[in-house]
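The values are calculated or read from the model by the stated rules, or taken from the named source; none is laboratory data. Because the structure is predicted, anything quoted here is derived from the model rather than measured. Ideal geometry is used to build each Cβ from the backbone, glycine not excepted, and the neighbour counts take in all protein chains shown. In case anyone asks, the SASA skips ligands and DNA or RNA and just uses the protein heavy atoms, side chains included. Shrake-Rupley method; radii C 1.70, N 1.55, O 1.52, S 1.80 Å.
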2 protein chains.
Amino acid sequence: MMDYSFLFSDDVQVMEYSAIRRMAKLAMQPGIISFSGGFPSAETFPVTEIRDVTASILETEGKAALQYGMTLGHSGLHEVVLECVQARGIPDAALNQIAITSGSQQALDLLGRLFINPGDCVFFELPSYVGAIAAFRNLRAKLVGVRQQLDGIDLADLARQVDQERRQNGRPKILYLVPNFQNPSGVTLSQEKRRQLMELCNRENLVVIEDDPYGEIYFDSTVVSRLKPLRSMDPEGRVIYLSTFSKILCPGLRTGWVLASPLVIEKLDLAKQAADLCGSMLDQRIVAECWKRGIIQNRLPEIRSFYRKRCNVMLGALREFMPAGISWTEPLGGLFIWMTLSERLNSELLLNASLEQAGVSFVIGPPFFVNREGSNTLRLAFSKESEDNIALGIEKLAQVIRHHLS
Amino acid sequence: MMDYSFLFSDDVQVMEYSAIRRMAKLAMQPGIISFSGGFPSAETFPVTEIRDVTASILETEGKAALQYGMTLGHSGLHEVVLECVQARGIPDAALNQIAITSGSQQALDLLGRLFINPGDCVFFELPSYVGAIAAFRNLRAKLVGVRQQLDGIDLADLARQVDQERRQNGRPKILYLVPNFQNPSGVTLSQEKRRQLMELCNRENLVVIEDDPYGEIYFDSTVVSRLKPLRSMDPEGRVIYLSTFSKILCPGLRTGWVLASPLVIEKLDLAKQAADLCGSMLDQRIVAECWKRGIIQNRLPEIRSFYRKRCNVMLGALREFMPAGISWTEPLGGLFIWMTLSERLNSELLLNASLEQAGVSFVIGPPFFVNREGSNTLRLAFSKESEDNIALGIEKLAQVIRHHLS
């Protein structure tokens, strides 16, 4: 038999994903209460409406929907994205700044290929989204961690890290961040810090990837109404804004988008052509038509309330059952709560015990840290389980933690 | 404004595609008879059947079809692919050797990333498929051209090129080829050569990427019944077999597949996870269900006859109208005929004249050659135009060529 070990390239390490997938597999055993999967709840998908929309697309434009299409995406969906970003406070967006991708993950992968020569520096919050870490690590970028505070990235630490890279003749190039209800921490970047951050990035000439999959899933409109996208404070065109219909419609129709300078979109077009020629033309038409019929917009209040309730149940149970010395974030939206154990506890050991003794799963922290720290942290997703199971699962997890502490 | 020119990476050149896309745009002007697009004909898509299948999927498993799914693809589609490759003469395939990709293009891109360190040698026929050239060029592979004959790749030249690379301390790693009705040339690798090729690749320890998008679209079953996939003559597991439902169902549902050693599939899983998490779950379920209902298999005779007729009309018109000194291939299947002009004619100049004077488009040869030669060659696709337009277009093209020769 062929020995492939000498043939594989040096890329494709992605140990972050390997760890998370191993855990996800464990969590899929029957009877497990899962706080691990970062999926939106299938209960929020408007299946009937999507069925009607799809039937009508295949009735009226079936041939076009089943043929190859433009690499940058279906023009009808470009118009929808334009409306969508304008509603989010980005009035100056234009059609030649938009690309549709196979979820935001493909956008991250393609942007990495556009910008990264091996060794270029990309700055990530500690913790940050594991998919972005994997995409940039595969391209042999230098991944530099920056402290995160409860109001978002630590600006002093970012300035320090950039400075240190420059002094070592490094090439600081990109800052990646999820400003709203971050995956994994649930933390939101404050409006004050957004302004300061843009000043710093202008000064240091960093490209900013603003990844915003969760922005529409806020819990209290009065709290978040002050928050503006970084892209709306960017006269220079250095912010690349990413978002997706995965969390506000459904993720199985693979439709993320990129809003960026036309120069970046032009390059992205070439990179995507070599990556997959084009995305699913049926998926893109379904999403565009769902928007045109108001299905996506009209359901947002319901989706917000769905996740708000589950979040509140989880926060209530955490307050009720967790022992002293354990802390957690209180997210303003999104799907995730981040927990920090006392220093002497290890989340991987805790996970083994929790699965065995309580049948409760979560994701351990280290894969979310580019510097592999965070051994006493973990992510709790409140998107999958029912409210009853959330309360029960947290109670059981607290018992396991108490047992570990004693 | 931000100056991106210093920020882009050194990758993403893909001048092949730029050239072809510029031409495709020209060819989309109204009134143009287009022999340029390599798309399957939308007339062959079973739109009504797909509408019924889709409605029933969204009725019975809507939530799963709209949720994230496995990175390697929907398990139901894996089973379909297994049946499909067994029917093509690969009896020993197994489920853990299969990955679903977003068209074959994504498979090429991911395989490149799995295998290519900058400078590794990939061997391509002269000419070869432009999408594969683009994917590997972006990864900074060394692309080495090998002569093509009317019965497929020139084995003596392949041996010579591999040898030459080894003597220069190069790293010969992959042979890419489309053995059946190649895009762009329409040439088919003979069965005798298939055996000799496998011996050579075993001897030289080359990974073989056997790209077979057109294999089912043969024109005469008695002629092709002798042809076996390279994968069926490969006890060592060195052949990676690619195919797709794009040409036998429709390409807008993005469903290609990879059949490879489980070790390769395992790595591909990680690479694809970082590239897009997963493909369109709705698309994959639609294709699987179309197969289960026999829609794909039952329509193959009709599709073969559809393209055979158009190919025959084009060949007839070529014989009738083309002046002496012009030659072309006579394909046994697929969508393409390859034309070689007399040495002193340039296909790019001819294209300009043909568009202007005759309103007929085609794709010039050089983008299909890794060494940029082929300036007197061009590709004619007979998939898009009606039989009448094919005859008319070839007659007009012949007039332009005559004018150029005089």
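Quick rundown of the values:
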read-out: Chain A, relative contact order [Cα under 8 Å, separation at least 6], %; value: 24 percent
read-out: Pseudo-label separations to other copies for B:Ser56 - Cα-to-Cβ vector, 7 Å, nm; value: 2.5
read-out: Charge sum, other residues only, whose C-beta stays under 9 Å from B:Val313's C-beta, Lys/Arg counted +1 and Asp/Glu -1; value: 0
read-out: Neighbour cut-off at most 10 other Cβ (10 Å), DSSP loop, trypsin sites (Lys or Arg not before Pro), the stretch A:344-406; value: A:Arg344
read-out: Sulfur and carbon atoms: percent of accessible area, the stretch A:53-200 [1.4 Å]; value: 49 percent
read-out: Listed residues A:Asn376, A:Trp257, B:Gly294: farthest to the positive end of the dipole of the protein assembly as shown (Cβ charges); value: A:Asn376
read-out: Nearest-20 debye value, the stretch B:292-374 charge dipole, Cβ charges on Lys, Arg, Asp, Glu; value: 680 debye
read-out: Three semi-axes of the equivalent ellipsoid, chain B, Cα gyration tensor, whole Å, largest first; value: 32, 27, 22
read-out: Rounded to the nearest 20 debye, dipole of the stretch A:252-406 from Cβ charges on Lys, Arg, Asp, Glu; value: 360 debye
read-out: Residue closest to axis [chain B; rotation mapping onto A; Cβ; Å]; value: B:Ser280, 2
read-out: The stretch B:86-171 - Rg (one decimal) and Dmax (whole number), Cα, Å; value: 15.1, 43
read-out: Built amide H within the under 5 Å cut-off of A:Leu175, gap 5+; value: A:Phe123, A:Val207, A:Val208, A:Ile209
read-out: Shortest-first distances to equivalent copies, position A:Met233, nm, label 7 Å out along Cβ; value: 6.5
read-out: 25 Å Cα-Cα threshold exceeded, pairs from A:Lys63/B:Lys228; A:Lys142/B:Lys272; A:Lys272/B:Lys292; A:Lys267/B:Lys63; value: A:Lys63/B:Lys228; A:Lys272/B:Lys292; A:Lys267/B:Lys63
read-out: Alpha-carbon centroids, the stretch B:378-404 and the stretch B:283-328: separation in whole Å; value: 17 Å
read-out: Residue-by-residue Karplus 3J(HN,Hα) for the stretch B:179-191, coefficients 6.51, -1.76, 1.60, Hz, glycine and proline x; value: x, 10, 6, 3, 8, x, 8, x, 6, 10, 6, 5, 5
read-out: Local electrostatic count, B:Gly38, Cβ distance below 11 Å [Lys/Arg +1, Asp/Glu -1]; value: +3
read-out: Accessible area of the stretch A:212-259 divided out per residue, in Å², using a probe of 1.4 angstrom; value: 25 Å²
read-out: Chain B, helix-only ellipticity at 222 nm - DSSP H runs n ≥ 4, -39,500 (n - 2.57), divided by all residues, nearest 500; value: -14000 deg cm²/dmol
read-out: Under 5 Å, built H, 5+ apart or other chain: amide partners of B:Thr101; value: B:Gly256, B:Trp257, B:Val258
read-out: A:Arg147 paired with A:Arg319, simple spin-label distance in nm, labels 7 Å along Cα-to-beta-carbon; value: 2.9 nm
read-out: Inter-centroid distance (Cα atoms) of the stretch A:56-103 relative to the stretch A:105-131, Å; value: 24 Å
read-out: Convex hull of the protein assembly as shown built on C-alpha atoms - directionally averaged projected area, nm²; value: 34.0 nm²
read-out: Semi-axis lengths, Å, the stretch A:179-246, gyration tensor of Cα atoms, sqrt of 5 times eigenvalues; value: 21, 14, 11
read-out: The stretch A:84-92 - phi-based ³J(HN,Hα) in whole Hz, Karplus 6.51/-1.76/1.60, Gly and Pro as x; value: 4, 6, 5, 5, 8, x, 10, x, 9
read-out: A:Gln86-B:Leu300 pseudo-label distance in nm [points 7 Å out on the Cα-to-Cβ vector]; value: 5.0 nm
read-out: Furthest towards positive pole of dipole, A:Leu242, A:Asn205, A:Thr222, structure part the stretch A:202-242, Cβ charges; value: A:Asn205
read-out: About the Cα centre, charge dipole magnitude for the protein assembly as shown (Lys/Arg +1, Asp/Glu -1 at Cβ), debye; value: 600 debye
read-out: Within-12-Å neighbourhood charge of B:Cys84 [Cβ basis; K, R +1; D, E -1]; value: -2
read-out: ³J(HN,Hα) computed for each position of the stretch A:271-288 - Karplus, 6.51 cos²θ - 1.76 cosθ + 1.60, integer Hz, glycine/proline x; value: 5, 6, 4, 6, 7, 7, 6, 6, x, 5, 6, 5, 3, 5, 5, 4, 4, 4
read-out: Paramagnetic label zone (point 7 Å from Cα along Cα-to-C-beta, A:Asn96; backbone N under 19 Å) in the stretch A:230-250; value: A:235-241
